[in-house]
């Protein structure tokens, strides 16, 4: 475990700006960001001043204390009890805040991550057990810290993406008529894990034939037929960082519509990549994509959300398909974004996607790992 | 896709008993239960009367309509729009309810699953966009339908558990000093997928040495040393049904404390298994476990939650470590329960678990798949 004091200090300054007494961490990615480790059921409090407070089950106290070393850190013995006492803990911590900064008797504003990993019933329970706490999204603190990536983070994303590339190589060589999505997924998963992936941040997508239309994806026992579109999306994680590599293949010779979809998509990526500069919004990127599709007569198939942030979480700010307000977030230099998040699909026919990771620079998106677009197989 | 009309009819009767206008399905397991298929981002409404309403993205309409065949089913074109209009849809559906059963102008009571798979921000959004809907847990409907298993469900759970057994065989043969948890996990994952698993419902647990204390588990690069306790928990899914097989191994000769923990755990399982009869509560099972541990002088290490329901979801009712109120739920014949959910751990030393699936019968728990307890390796 490596407690990142610099990140904690920056987060605390932001919490104070936001009037938060602290943030409650219950997610893998925030925990890893501050403490350098992936813990199952991560639970910690970072108050606006002072040291973090770790929370763990009784059986795990000895192991956690050993990992924490000499740090002056409180360890609680029971999560249920602790959940019920979060407001009390924050109030006690706040008593030690420097004079004039104590929140007093008003409701305590506590930040928490509110994305896919935070279950509704836990939040409902938290609110019920802590009626004097106002729970707010921790994004104003964490986004500021996490959106722009440090060099070492970019290297880890590049490494994750290169592992995805090995998986895609394996998938491509297996693409022959008769093989099932599940058979491909089994071999690709094995390749990813052997190459050092810690698992994947989403299930593999191996979307075959008409199911290449899917926005999301899955794996099943349907077999590939000659002429099928196959969309493959791989999301291995490496030291907590998430890859996102999608490719579309045609098994055999593409027909005119397949060819058109691929060409339009690649043109959309190219234009979006050029625009991936500081100051640009993802809303602007979507409009660029729409213009390209309109040129090809495909505007009616346009979907919003061509690009999203990525890092320790598979989708992070800006991620406009999850948080619509992100459409106006301005890109900054050294953010890492995907391009190719949305499917370009003709309902009932099929769809295509090609997705890569890019660093935002004043010269446009700089690709992190340049995996070939080589979509005709066999 | 196979729409199970019988289950829908039973669910509708229960909804009417509960005064619900319908349930909103947003989870893999409920969707699979009613419609026989795993869909990514499953979205459907089952009203208290009439046919289900499916919701899907525009790009997926063609594919979904083909899968649904001749069914008279409405397909919506936009999820965001639909989320915003759920109450309108329910109100419209309710207008067609038989006379006297319309909920009129009062708040519409809509059921939704509220477990780990339902994110807080979606529920918050739902509540904001549908202020005239009272969102309630759908458990009173779904539990009634899903707790007691049909024969074909028990066969699928047995099959899932047998796949876990193949994974455990593979893990056991790899257990030698020097191998890492990650190396074992890579090979075991490959074995599970090759044997037909659709993935796992939790990450693999390969908890080594002092980390065998963990309540939950993970995989990392730490290597096994002679004398280590290793707790392995495998949760492959087969046709949507979840396995749960845990074993503890000692690499080399166990010391006295390791031996004591294992013996006490096995005795706890044996006593719990005998008591796994209709009418018994999981609270009672926990008390039985505590008595056994007290006899061995290990009472202080007792944790609640020795047993939980399992089926299409990894933990389903009763699951008292998630939903404390379940402690009083009475078992019924042909429910399937795990025994061995909790760790028996001495903090800072290590822990043990052995977990299997059992059918509840008047003669006690009937094991679904009898995998050996053979804990000394090498």
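All of the numbers you see were taken from the coordinates with simple rules; none came from a lab. None of the values given here were measured: they were computed from a predicted structure. Cβ atoms come from the backbone with ideal geometry, glycine included; neighbour counts cover every protein chain shown.
Across the alpha-carbon set of the range B:298-337, the Rg to Rh ratio works out to 1.02, Rh being the Kirkwood radius. Summarising the strand pairing of the protein assembly as shown, around 75 percent of its internal DSSP beta bridges are antiparallel.
With the Cα gyration tensor of chain A giving a ≥ b ≥ c as the square roots of its eigenvalues, does the rule (a/c under 1.5 for rounded; else a/b larger than b/c for prolate; else oblate) give rounded, prolate or oblate? Prolate is the answer for chain A, as a/c is 1.5 or above and a/b outweighs b/c.
In this calculation the C-beta distance from residue B:151 to residue A:216 is compared with R0 = 22 Å, giving a FRET efficiency of 0.10. Within the listed set A:67, A:48, A:345, the residue fluctuating most in the Gaussian network model of chain A (springs between alpha-carbon atoms under 10 angstrom) is A:67.
Computed over the Cα atoms of the protein assembly as shown, the ratio of the radius of gyration to the Kirkwood radius (Rg/Rh) comes to 0.95.
Working from label points 7 Å from Cα in the Cα-to-Cβ sense, the residue A:257 to residue B:226 distance is 6.7 nm. For chain A, the longest principal axis of the Cα atoms and the long axis of helix A:181-194 meet at an angle of about 50 degrees. When chain B is treated as a Gaussian network with alpha carbon springs shorter than 10 Å, the biggest mean-square fluctuation among B:179, B:339, B:45 belongs to B:179. With respect to chain A, whose longest principal axis is taken over its alpha-carbon atoms, helix A:5-18 is tilted by about 80°. Per the Debye formula on identical point scatterers at the alpha carbon atoms of the range B:5-145, with no solvent, log10 I(q)/I(0) at q = 0.14, 0.15, 0.16, 0.18 Å⁻¹ is -0.61, -0.71, -0.82, -1.07.
Do you know the relative contact order of the range A:5-146, to the nearest whole percent, from alpha carbon pairs under 8 angstrom that are 6+ apart? Before the final figure, lay out each step's value.
Details: 202 pairs, mean separation 37.0, N = 142.
Over the range A:5-146, the number comes to 26 percent.
A Förster distance of 35 Å, applied to the separation of the beta-carbon atoms of residue B:128 and residue B:66, puts the FRET efficiency at 0.50. FRET efficiency for residue A:367 and residue A:144, Cβ-Cβ distance as r, R0 = 30 Å, nearest 0.05? So the FRET efficiency works out to roughly 0.70.
Would you compute the Debye intensity of the range B:221-302 from its alpha-carbon atoms alone, equal scatterers and no solvent, and pass along log10 I(q)/I(0) at q = 0.12, 0.14, 0.21, 0.23 Å⁻¹ to two decimals? Results for the range B:221-302 at q = 0.12, 0.14, 0.21, 0.23 Å⁻¹ read -0.50, -0.66, -1.08, -1.12.
What residue among B:327, B:306, B:232 has the largest mean-square fluctuation in a Gaussian network model of chain B, using Cα springs under 10 Å? Taking springs between Cα atoms under 10 Å, the residue moving most is B:327.
Calculated translational diffusion coefficient of the range A:213-354 (4 °C, 1.567 mPa s; Stokes-Einstein with Kirkwood radius over alpha-carbon pairs) equals 82 µm²/s. Ellipticity at 222 nm from helices only: DSSP H runs of n ≥ 4 in chain A, each -39500 (n - 2.57), divided by the residue count, give -11500 deg cm²/dmol.
Working from Cα pairs under 8 Å separated by at least six residues, relative contact order for chain A is 14 percent.
Subtracting the Cα-Cα distance of residue B:376 and residue B:84 from 0.36 nm times their residue separation leaves 99.4 nm of extension gain. Looking at the range A:5-146, the DSSP beta bridges with both ends there are about 40 percent antiparallel. Angle of helix A:120-129 to the longest C-alpha principal axis of chain A, folded into 0 to 90 degrees and rounded to 10: 10°. Hull volume per residue, based on the alpha-carbon atoms of the range A:155-202 and their convex hull, is 66 Å³.
Indicate, rounded to the nearest 5 percent, the antiparallel portion of the DSSP beta bridges found entirely in chain A.
Details: 36 of 48 bridges.
Taking every DSSP beta bridge with both residues in chain A, the antiparallel ones total about 75 percent.
As a rough footprinting exposure proxy, the listed residues A:153, B:2, B:144 were ranked by other beta carbons within 10 Å of their own, and the order from fewest upward is B:2, B:144, A:153.
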